[in-house]
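Working notes, beginning with the structure itself.
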Amino acid sequence: MKNKILQIIAIVFIAAFTLGFLSGAVTEYSLAKNKIVEEVYRVKKGDTLMDICIEYRKRDCRNPYILEYMDEIRRINPDINSNLKVGDEIKIQYKERKND
């Protein structure tokens, strides 16, 4: 009887591990199908860098933390600072969500 219980526990463990592995593979596959989009955003009156980051982060399938996203935008646009001026152009990159 003890052997049967151990076999059942082993089977359940292996099944749970396999399902976890497969779900990770499916997530990686679905992320790979999404393409990187590059856009240029023109600053409007009242815009802040945080507001722009929040808006574009919603489109990004990676869903990075907002501060990481802000750092990425600053890396892409080294001349950008927190004092945006109307008409400034900001390059934005995000991994587009696909709705399959």
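The listed residues R62, R42, once ranked by accessible area (1.4 Å probe) with the largest placed first, stand as R42, R62. Add +1 for every Lys or Arg and -1 for every Asp or Glu among the other residues with Cβ under 14 Å from the Cβ of S82, and state the total. With Lys, Arg at +1 and Asp, Glu at -1, the net is -3. Using a probe of 1.4 Å, the accessible surface attributed to K4 totals some 130 Å² when neighbouring protein chains are kept in position.
The values are calculated or read from the model by the stated rules, or taken from the named source; none is laboratory data. Note that this is a predicted model, so its numbers are computed, not measured. FYI the Cβ positions are ideal-geometry reconstructions off the backbone, even for glycines, and counts take in every protein chain you see. Keep in mind that these areas ignore ligands, DNA and RNA; they rest on the heavy atoms of the full protein, side chains included. Shrake-Rupley method; radii C 1.70, N 1.55, O 1.52, S 1.80 Å.
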